[in-house]
Amino acid sequence: MSLWKEKNPMQAQSNQTDPNQTDPNRTDPKQGRSNKAKMIRVALPVALLLAICTAATAYFPKSATPEKPAASSRANVAQPANVTATDPGPRPLPAAAGGFLPLLSANEQQIEPSITTEFNRTHDVIVTSPTDGGLGPRFNENSCASCHAYPAVGGSSPPTNPLFSIYNYAGATNTMPSFITSTGPILEARFINQPGTTIPDGTVHQLFTITGRTDAAGCNISQPDFVTAGSQGNLVLRQVTPTYGAGLMEVIRNIDIVTNWNANPTQKKMLGISGHPNYSGNDGSIMRFGWKAQVRSTLLMAANQMNVEMGVTNETFPNEIDQTPGCVLNPVPETVSNFTPGILTEMFPGDAERTEYFTQWLNPPTPAPSTASTRNGQVQFNDVGCVYCHTQSFTTPATSRPALGGITINLYSDMLVHQMGPGLADGLPQGQAGPDEFRTSPLWGIGQRLWFLHDGRTNNIVTAIEDHYSLGNSLYPNSEANQVITNFNSLSPKNQQDLVNFLRSL
């Protein structure tokens, strides 16, 4: 809507001077005071509008840019025209990640093939051994490695979406939800409230069912109604997080996270950065995995994902997601410790435990060799304030597993959750993380990552930076990143590009 109204032609005509007036140049004192008041009433709004426009120019300058990153699917602000940095794209393969920690003992190295096989295993519905099967009744995928695939096993979504190869596998009658695309990220769906109610939900609603599969005769359940949930604003999407370096993140001490949280208070206050841990309601430890830091350990993460994403019950989560008669086709739990006499030691743990070892022992990604551009980019990264949330490093304490202890890791995360404003808010609280709060995503490996932000809304790292900026509304306050993004936007074109190049070097 225009801020200005056109003057009515008749009104304009009536305001013209009447030539029949005795003295058109004579000024009536009362009329003069009235005109002065009118001028003040007009001038004040104009002055206020000019002030607003001047302030806005700091973030939205008028100069044009020859090239902009692709717009985010849910961008809440226009991209400032003075942001000329472009995303050079993910570094090409081979992967700079996917190997195991270099200091694993000989005994630990002996079971690497077994845990790798487990992470890559494709699960069918019917259990044929203590270490095989158990898919469904509801699931998102049938293999850990299918989702955690790029740039190497243990990572995140690959360029071609693998869900299209499994949703109708073995005769399943699933339809593909509209938010899943063949070249987009793998997404998990949650509902904010239980459908048709105001009762909080927050749980994962699996994309697919085993209905119609040749190995699931008798099961007849339907997929969730994602169309209605989406139309009602009740649908929350989450993309796959990489698992590299998870074991090292797991052992960082709570006190070190809190000490870092309390460091540099003056700089953080000036930037509007606060954040807080998402504490466990059980033992008070700081949770650190997941988009809202809602999971504490690699074992809980592995066992939960086994059950939630693939429907495989295990000794940590032994209940089927859906217990509809005719769809529970195996005894529970479907994967258990294997007490068969004479088996190899590494075959004793169940699937969830072997999956835990795989993610726990993965080495962090290796950054690219530094260049003059990336070295300057890191300086800019620190100077604009990114580093106050994306803390460069922590050092792990001494551990009973030496391969994990006494190592300085450059994860670029404070492992806290921060308020990110309405532009990123998903309306879903988890633990002590509010509906507009997210964990600072670790940046190691981001140089080869394909999708960004919790819902995978963009594949452009510059757009992801800009989407950290969000003005508050009646529901949520400003994003804590606003001043940092404003600082980034104020950099020279070269410094902007060097900062982006630095990120793509990680």
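Among the listed residues R439, R401, R449, which satisfies the condition of being basic (K, R) and surrounded by fewer than 20 Cβ atoms within 10 Å (Cβ to Cβ)? Explain how you work it out, then say what you get.
Working: R439 fails: surrounded by fewer than 20 Cβ atoms within 10 Å (Cβ to Cβ); R449 fails: surrounded by fewer than 20 Cβ atoms within 10 Å (Cβ to Cβ).
From the options R439, R401, R449, the qualifying one is R401.
State whether one or more residues within region 350-367 are farther than 18 Å from F119 by Cβ and of a type in the set (A, V, I, L, M).
As a first pass, look at region 350-367 and keep what is farther than 18 Å from F119 by Cβ: 366-367.
Filter once more, so that each one left must be of a type in the set (A, V, I, L, M): none.
Among the residues of region 350-367, not one is farther than 18 Å from F119 by Cβ and of a type in the set (A, V, I, L, M), which makes the answer no.
The set of residues in region 320-333 that are open to solvent by 60 Å² or more (accessible area, probe 1.4 Å) and closer than 25 Å to A246 by Cβ contains only I321.
Selection of region 199-229 for residues being more than 18 Å from T324 (Cα to Cα), β-branched (V, I, T) and either outside any loop (DSSP other than H, G, I, E, B) or at pLDDT below 95 (or both) yields V227, T228.
One residue stands out in region 113-132 among those that are β-branched (V, I, T) and either open to solvent by less than 60 Å² (accessible area, probe 1.4 Å) or within 27 Å of the chain's Cα centre (by Cα) (or both): the one that is farthest from D351 (Cα to Cα), namely V125. Among the residues making up region 352-391, those that are of a type in the set (S, T, N, Q), over 23 Å from the mean Cα position of the chain (by Cα) and not in a helix (DSSP H, G or I) are S370, T371.
Given the criterion open to solvent by less than 40 Å² (accessible area, probe 1.4 Å) and at pLDDT 95 or above, identify the matching residue among Q392, Q380. Let's see the steps before the verdict.
Values: Q392 fails: open to solvent by less than 40 Å² (accessible area, probe 1.4 Å).
When all the criteria are applied, what remains is Q380.
Inside region 334-344, residues that are in contact (Cβ under 8 Å) with a residue 24 or more places away in the chain and open to solvent by 60 Å² or more (accessible area, probe 1.4 Å) make up a count of 2.
Which residue is surrounded by the most Cβ atoms within 10 Å (Cβ to Cβ), if the candidates are limited to region 404-425 and must be under 21 Å from Y469 (Cα atoms) and polar (S, T, N, Q)?
Within region 404-425, the subset under 21 Å from Y469 (Cα atoms) is 412-425.
Retained after the next criterion (residues that are polar (S, T, N, Q)): 413, 419.
Values: S413: 22, Q419: 25.
Ranking the qualifying residues of region 404-425, first place goes to Q419.
Out of the residues in region 456-481 that are open to solvent by 20 Å² or more (accessible area, probe 1.4 Å) and either in a helix (DSSP H, G or I) or among the aliphatic types (A, V, I, L, M) (or both), which is nearest to V387 (Cα to Cα)? Filtering region 456-481 for residues that are open to solvent by 20 Å² or more (accessible area, probe 1.4 Å) and either in a helix (DSSP H, G or I) or among the aliphatic types (A, V, I, L, M) (or both), the one nearest to V387 (Cα to Cα) comes out as I465.
Figure legend. Inter-residue proximity from region 174-196: first residues closer than 25 Å to P429 by Cβ and modelled with pLDDT of 95 or more, second residues of a type in the set (S, T, Y) and open to solvent by 60 Å² or more (accessible area, probe 1.4 Å), beta-carbon distance below 7 Å, spacing 6+ or different chains. Indicated pairs: R190/T203. When region 147-199 is limited to residues that are polar (S, T, N, Q) and in contact with an Asp or Glu (Cβ under 6 Å, 6 or more places away or on another chain), the one that is least open to solvent (accessible area, probe 1.4 Å) turns out to be N193.
The values are calculated or read from the model by the stated rules, or taken from the named source; none is laboratory data. On a predicted model such as this, the values are computed, not experimentally measured, just so you know. Every residue, glycine among them, receives a Cβ derived from its backbone with ideal geometry; neighbour counts consider all protein chains shown. The accessibility values were calculated without ligands, DNA or RNA, using every heavy atom of the protein model including side chains. Shrake-Rupley method; radii C 1.70, N 1.55, O 1.52, S 1.80 Å.
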